[in-house]
1. Filter segment 361-383 down to the residues that are under 19 Å from D636 (Cα atoms) and small (G, A, S), then identify the one that is least open to solvent (accessible area, probe 1.4 Å).
2. Out of L263, L246, I need the residue that is touching a strand residue (DSSP E or B) at 6+ places or on another chain (Cβ under 9 Å) and over 17 Å from T291 (Cα atoms). Which one?
3. Determine whether segment 446-456 contains at least one residue that is modelled with pLDDT of 85 or more, within 27 Å of N538 (Cα to Cα) and of a type in the set (D, E).
4. Tell me whether segment 464-484 contains one or more residues that are at pLDDT 95 or above and open to solvent by less than 80 Å² (accessible area, probe 1.4 Å).
5. Going by the structure shown, is G165 in contact (Cβ under 8 Å) with a residue 24 or more places away in the chain, at positive phi and under 21 Å from the mean Cα position of the chain (by Cα)?
6. Could you list, in sequence order, the residues of segment 674-691 that are surrounded by fewer than 22 Cβ atoms within 10 Å (Cβ to Cβ) and part of a strand (DSSP E or B)?
7. Scan W515, W543, W569 and give me the residue that is under 26 Å from L401 (Cα atoms), surrounded by 15 or more Cβ atoms within 10 Å (Cβ to Cβ) and touching a residue at least 60 places away in the same chain (Cβ under 8 Å).
8. Let me confirm something: among V377, V372, which residue is assigned to a loop (DSSP other than H, G, I, E, B) and either under 30 Å from R269 (Cβ atoms) or modelled with pLDDT under 95 (or both)?
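The values are calculated or read from the model by the stated rules, or taken from the named source; none is laboratory data. No experiment lies behind these values; they were computed from the predicted model shown. FYI the Cβ positions are ideal-geometry reconstructions off the backbone, even for glycines, and counts take in every protein chain you see. Note: areas computed on protein heavy atoms with side chains; ligands, DNA, RNA excluded. Shrake-Rupley method; radii C 1.70, N 1.55, O 1.52, S 1.80 Å.
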Amino acid sequence: MFRKKLFPVLCVAISGVLASCASQELSLFNNSASSVTQTSAVLASPFVLTNSTNLSLPYLVKGSTLKRLTLDLSIDKSYANISVYAGDKLVVDNLNVPTKGQHKINVLIDFEAIGDTTLRFVRRSADITLNAIQFEDITDVTLPRFANRSKEANFETEISYKYGGPSIGDVDNDGDYDFVLNNHNHVPTQLVTQNDDHTLDIERLFGWSLDFHGSSVGDYDADGDLDIMVAQGGANGTNPTSYILLRNDNQKFVKVSAEAGILTPARGRSPRWVDFDLDGDLDLALFNAKTPNYDGPRQLFYKNNGDSTFTAQRVEGAEYADGERVLVTDFNNDGIDDLVAFSPVSLWQGNGDFTFTDVTKARLPASLIGKVGFNAVTDVDVNNDGLLDIYLAGGRTHYLLSRKSIDFNPQTKRLDIRDDGEKGATAVTFDADGAVKLSEMELTYRQYNDGFAIFLGKDKTRKIVKAKGFQPNQLPEEMKTAPIEMDITPAQAQGWPTERNVNGLYIGHIGNGQWQAEWVRDRNIYWTVTFSLTGLNNVDYDWQPNNRNIQDILLVNKGDHFIDGTKEWNLPLGGNNWGVTHADFNNDGWEDLFVYRYGFLKQRIADLLLLNTGEGRFDIVSSHGAFEPTDPGHGDMGQAFDFDNDGRIDMLNGSEEEGPWLLYKNQNTDLGNYALFDVGYSPKANIDPYSAVVSIKTTSGKEYQKRVGSAGEVHSQSLLDIVHFGLGDDSQIESAQIRWRNGEVVKFGALKANALYKSENAKAQ
């Protein structure tokens, strides 16, 4: 079981005219058995998707309801997106076509039922020429099905800016997972604890809002419960501050940073608990943003003195590593923690004595040396060879998004703009049948207070729209009562002014439904200028738009070096991805990936599930249920984990900017077998679970190995010490063992699948 059988099916459009979906059957025989496979063919003639022309065709779903769709397509612009509907249901959500030229894109679709449907292919951002459409039946594969269970779990959070995902661990020490939620500057860091009935309680760890960033959970004082480290920013380097260490005293969290010796100011981003000297207690690595006009160490390291205090430690090389994000892993499989700093990506091999060897050039492909643009990293054994591979999620940060980013949705007739507020002028032309609506203007404050008005028509009639982004005390009085939205008729905006040199947004109707708009900045006035116009039929411009596609990379571990397996493993093309996490979502024995996509400027799109086939490639799924179509935010970061210890992997996802935190439960009960191992502390030296390795062997001879840590990291670190294994059809485990980082080992004898096993019940060696 859990292997895929492929049966192509034909759908044809001839000379741009829609034809019925047909199929031809061809009997194929081999030496051992006979099978019937349906042939496939390409489109008889290319079909061009435009703003106003979609492709619709009838399709008969038969055989398996789960199919792989492969599209052969091409574009003449720098990027585009394509979606597919089955009837009214969106089954493929905005796959990226990242560059000009010809591409092949494939994705899994679960039609859920046999019978007739209508397929509709829709493009965005640029015209797409469809050259071929092919379907293949996929059998003996089960997809996870997620559902939003936030409300049922009493987990309804505020809208907040996020900061690089949650930290997950058993903070209240009751055998299930709790969360630390990392918001940025409006909602302070929150602790979410799980009750016996799997409902959640939410509390704020601080009574005030600060510039909060990443977090980490770890038992630094070896008292059996998890303490919390939280990073603070440094006001763009103008006011560096120290990290906040919260000691867990029976679920009362006491700020002990100063008395513990955590004093060095920094632009804090990413705290990590790591046992750098292998003495059994947890040391600290604090990775930071670069501070202007400062030549000292960028990254801070602290040695645990064993008495609940720390001493700052200089670490040659690693303390000057670039990047404010870091992954703790063991890429050379020697039982000593290593660091992956990013971006650019650099590899720091731990020596077990608070020193590191820079092995970047020796282990990374040459094409990745010095390359930037990666937002998140996870270590995952994609081929079950016992070596940790590395997945790099690529995308653009907020600041880089604010450089000529433009989205136009012909379905909703909406144009969204996000540009920088630096000196210059940027213009678009568009056509509309009648009035247009201006909305969602945001001006990100940058010490400029002279206003940014709307000027209509040749006469430059001055209007004010209330804009987000100003500090309250800097908001001009006229803007405090101004409308948030403005309807603009052709008569109100008639004509186009010759002079446009005052800071503001100029909008003019130049006749016959044709319009122009230009936003002018006479100096560096804002960090961003953002607005939307609705009611448009088409948009044109003569400047190069921001192509937000950055290719994710899969680095396959070959023992002493990594190779680029991106193309071979069928990673999604392009993308603006802000996070990645991994787990065996369908319990078939192979680790899958979940990639968080930022989406459009003002529209959330589905994240991507990458389902490991076990045959050296991933299948891409966009319709998996871990997505709220009405979510007003963007894909950010989360963690894959078994929320309720039922053997099915769930997810905690953060929705960036204007979205909440969401808990998605895996609803599919028809998955493979599983086993859970609660690692806990070592039996002799009481070593905490970080970096412990769990290994199992099934009676069928399959071997699996997993390391305790996070399921992907940006700015935060999780302690996922209830280790989950998918077992596929295997129902018996021949043997299992847990090895802590100090070398202590416990072993289990024969075990049955579909149960949770605790280290305290194993036999110490």
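1. So, considering only residues that are under 19 Å from D636 (Cα atoms) and small (G, A, S), the one least open to solvent (accessible area, probe 1.4 Å) is A376.
2. Residue meeting the stated conditions: L246.
3. Scanning segment 446-456, I find no residue that is modelled with pLDDT of 85 or more, within 27 Å of N538 (Cα to Cα) and of a type in the set (D, E), so the answer is no.
4. No, that holds for no residue.
5. For G165, the condition - in contact (Cβ under 8 Å) with a residue 24 or more places away in the chain, at positive phi and under 21 Å from the mean Cα position of the chain (by Cα) - is met.
6. Within segment 674-691, L676, D678 meet the criteria.
7. W515
8. From the options V377, V372, the qualifying one is V372.
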